[in-house]
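Notes for the one structure printed next.
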Amino acid sequence: MIREQQVDVLVLGSGIAGLSYALKAAAHGTVAIVTKKERAASSTNYAQGGIAAVMAPEDETALHVRDTLVAGAGLCHTTAVLDLVEEGPARVRDLIDWGVRFTRNGGDFSFGREGGHSRRRILHAGDFTGKEIERALLQAVAEHPNIELYEDTVAIDLLVGASDGGPGTRCGGALVLDHRIGELVSFHACVTLIATGGIGQAFRHTTNPDIATGDGVAMAYRAGASIANLEFVQFHPTALYPAEQRAFLISEAVRGEGAVLRTLDGALLPIDHALGSLAPRDIVARQIDRYMKDTGAAHALLDLSPIPPTEIEERFPGILAECAARGIDIRTEPIPVVPAAHYACGGVLTDADGRTTIPGLYAAGEVACTGVHGANRLASNSLLEAVVYSHRASEQVPLELRVRCGQAAVRRMGSEPAVALPDHTMTVAEVRSRIRDLMWESTGIVRQTAGMREAEVELVSLRAVIEGIRSSNALDPEAVEVRNLACVAQLIVQCALQRHESRGLHFNEDYPYRDNERFLRDTVIAAGEAE
């Protein structure tokens, strides 16, 4: 039995993109926010560094645009970047109006600097910026009479079909599982926003929370939406070693304040870039990876000795406490660090207002591919992108609510490829672990075509295995997650195999150079092309 529920606007995800969108969409109708764990369990909550915006007197819009384009290695959409940077300050003021308390020096904002930025422009709340943003937005959502937030509720598939009396196909909501009581619910909505976050759990080591299993990308793809640029996965260079299932991130802001990378013998880690330890993340991550492979070192070192101890205590209390709990006093000892999967620059393809290729379906935040990040995200542009493009999507809500979109008009879209189910004895946890190991080894920081092709073959089999497991227990939320993880992993590999060059975050040893003649373009996969 499936319970039916009608709302004007459905939001999948409770990070900065979903919450800020909901607050604005609620001015036009009823809003339901579906989040599969606790309301604060989002990647936003773990963001340490901050949000980049041109608000310092010595900064300029043109400089932020240039820094973003340089980091993006030729693939940023210039118009999207201009929209991001020009609209950014107004969206930061929205956050402040909702109660976000950014760190100040006296009456002025305290601006940090991170890799790839030519100016100090990172607004932050110590090194708990994401947590502070979540706190303020969740409080504002709780106080809004038009918004209902559903925790522990997992979106399974989108509802897609013909609108009542209208031509063509559109999204009409989502089928979700309330796993606390084992109940399926069809949320019918005139407009749906996917804001489900990233895909980091596709890799063995990641800074992402456990919930980052690529649900939004997989659901959108199964429903027929186009996906773009998933080969560009950013590996953060400095996760605390040893990297656990969710590695603790050492913010790039630490290097922005003067910390430097060193080898285990204390020498400066050689980085072939004018900014040295503050070079863009793809360059730094590859250099650490190369150092570890060449020397057999288990990690590199991040030396904070150039930063005064009092400044470390004031600026990085969270990192100080976490490292202290592991026996490291960062005021006097270097931090052991390794790269870990951190951010997806690709995702569900959208236009300038967050529309996907399916009418009625929007995407914002890390799940979306807006064209802002190109082949490599500039540090702290992610929170800005989320709030700018969720705002743009919210401005389309009045238009979407005029569409006739009754309950009878939609059907569930979630079919898997017709693959014979193999004999197997794997558990859901074993399938998850195998996917993560396979992706780390084949499609990690440095890639080879042969390894990715082997991974693609195995992923087809793993998708069939998890579909067989899920079919026998449709109410298992972990099986729902791993089904999505297997789909997204295959999409990442498919995108990477289509790009016969090395650019930004995608480095293939078989094609070590950029090829602007053939690959100065997005990698787009429409539904069915990666099956």
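A few points about this structure:
- Extreme residue, positive dipole direction of region 309-394, given options 360, 388, 374 (C-beta unit charges): 360
- Eligible lysines near residue 131 by straight Cα distance, threshold 19 Å, same-chain separation 8 or greater: 36, 37
- Scattering from region 80-147 was approximated by placing one identical point on each alpha carbon and applying the Debye formula without solvent; log10 I(q)/I(0) at 0.22, 0.27 1/Å stands at -1.08, -1.27.
- For residue 75, the residues 5 or more places off, or on other chains, whose built amide H falls under 5 Å of its own are 375.
- In units of the compact-protein estimate 2.2 N^0.38 Å, the chain shows a Cα radius of gyration of 0.92.
- Scattering from region 247-386 was approximated by placing one identical point on each alpha carbon and applying the Debye formula without solvent; log10 I(q)/I(0) at 0.10 1/Å stands at -0.43.
- Region 112-218 - Debye-derived log10 I(q)/I(0), Cα point model, q = 0.12, 0.17, 0.18, 0.20 Å⁻¹: -0.67, -1.09, -1.15, -1.25
- Lys/Arg +1, Asp/Glu -1 at C-beta; the chain dipole; positive extreme among 484, 339, 260: 484
- 3J(HN,Hα) along region 333-341: 10, x, 9, x, 9, 9, x, 8, 4 Hz, from the Karplus curve 6.51 cos²θ - 1.76 cosθ + 1.60 with θ = phi - 60°, whole Hz, x for Gly and Pro.
- In the full protein context, region 211-293 carries 29 Å² of accessible surface per residue, based on a 1.4 Å probe and ignoring ligands, DNA and RNA.
- Kirkwood hydrodynamic radius over Cα pairs of region 436-490, then Stokes diffusion coefficient at 4 °C and 1.567 mPa s, in µm²/s: 110
- The chain - mean residue ellipticity at 222 nm from DSSP helices (-39,500 (n - 2.57) per run, n ≥ 4, rounded to 500): -11000 deg cm²/dmol
- Averaging 1/r over each pair of different alpha-carbon atoms in region 311-374 and inverting the result gives 15.0 Å, the Kirkwood hydrodynamic radius.
- Based on C-alpha pairs under 8 angstrom that are at least 6 apart in sequence, the chain has a relative contact order of 22 percent.
- Listed values for region 386-396 are Karplus-derived 3J(HN,Hα) couplings in whole Hz (6.51 cos²θ - 1.76 cosθ + 1.60, θ = phi - 60°), namely 4, 7, 5, 7, 5, 4, 4, 5, 5, 5, 8, and x replaces Gly and Pro.
- Solution diffusion estimate, µm²/s, Stokes-Einstein, region 248-327, Kirkwood Rh from C-alpha pairs, 4 °C, viscosity 1.567 mPa s: 97
- Equivalent ellipsoid semi-axes, region 463-531, via Cα gyration tensor eigenvalues times 5, rooted, Å: 33, 11, 9
- Surface share of carbon and sulfur [accessible, 1.4 angstrom probe, percent] for the chain: 50
- Applied to region 185-196, the Karplus parametrisation 6.51 cos²θ - 1.76 cosθ + 1.60 on θ = phi - 60° returns per-residue 3J(HN,Hα) values of 10, 8, 8, 9, 9, 6, 9, 10, 10, 8, 9, 8 Hz, with x for Gly and Pro.
- Residues whose amide H falls under 5 Å from that of residue 191, counting only those 5 or more places apart or on a different chain, are 10, with hydrogens built in the peptide plane.
- Residues whose amide H falls under 5 Å from that of residue 15, counting only those 5 or more places apart or on a different chain, are absent, with hydrogens built in the peptide plane.
The values are calculated or read from the model by the stated rules, or taken from the named source; none is laboratory data. As the structure is a prediction and not an experimental result, all values here were calculated from the model. FYI the Cβ positions are ideal-geometry reconstructions off the backbone, even for glycines, and counts take in every protein chain you see. Note: areas computed on protein heavy atoms with side chains; ligands, DNA, RNA excluded. Shrake-Rupley method; radii C 1.70, N 1.55, O 1.52, S 1.80 Å.
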